[in-house]
Amino acid sequence: MEVDRVRISREIIKQVASLPIYGEFYRRACEILGVKESVELAILTLELPLYLPMVRLKELLGANSRQK
């Protein structure tokens with residue numbers, strides 16, 4: 001059971017990392033967060049609306065602190 005979970009997790013990461021735009025976002029997010037591999041981050045990357053400008057994506061992720 002555990003072996004299957006690890007195998008499936010690695011396959012999800014491999015598939016996401018191989019996608020042109022999503023793979024770049026996934027690798028950059030891993031680098032920023034300091035993680036080597038994360039299936040949760042890979043799945044989250046697929047859910048991002050990449051048609052939005054970077055500023056809006058940062059706001060959605062809470063990475064942009066606006067000063068008022």
Among the residues that make up the stretch 41-49, is at least one of them modelled with pLDDT of 90 or more and touching an Asp or Glu at 6+ places or on another chain (Cβ under 8 Å)? no
Scan the stretch 32-47 residue by residue and report those that are without any contact (Cβ under 8 Å) to a residue 24 or more places away in the chain and surrounded by fewer than 16 Cβ atoms within 10 Å (Cβ to Cβ). Ile32, Leu33, Gly34, Val35, Lys36, Glu40, Leu44, Glu47
So which of Glu59, Glu37 ends up being at pLDDT 85 or above and not aromatic (Phe, Trp, Tyr)? Glu37
With respect to Ser9, determine if the residue is under 24 Å from Leu57 (Cβ atoms), of a type in the set (S, T, N, Q) and either surrounded by fewer than 16 Cβ atoms within 10 Å (Cβ to Cβ) or modelled with pLDDT of 90 or more (or both). no
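The values are calculated or read from the model by the stated rules, or taken from the named source; none is laboratory data. All values reported here derive from a predicted model rather than from experimental measurement. Here the Cβ is made from the backbone with ideal geometry for all residues, glycine too, and neighbour counts use every protein chain on show.
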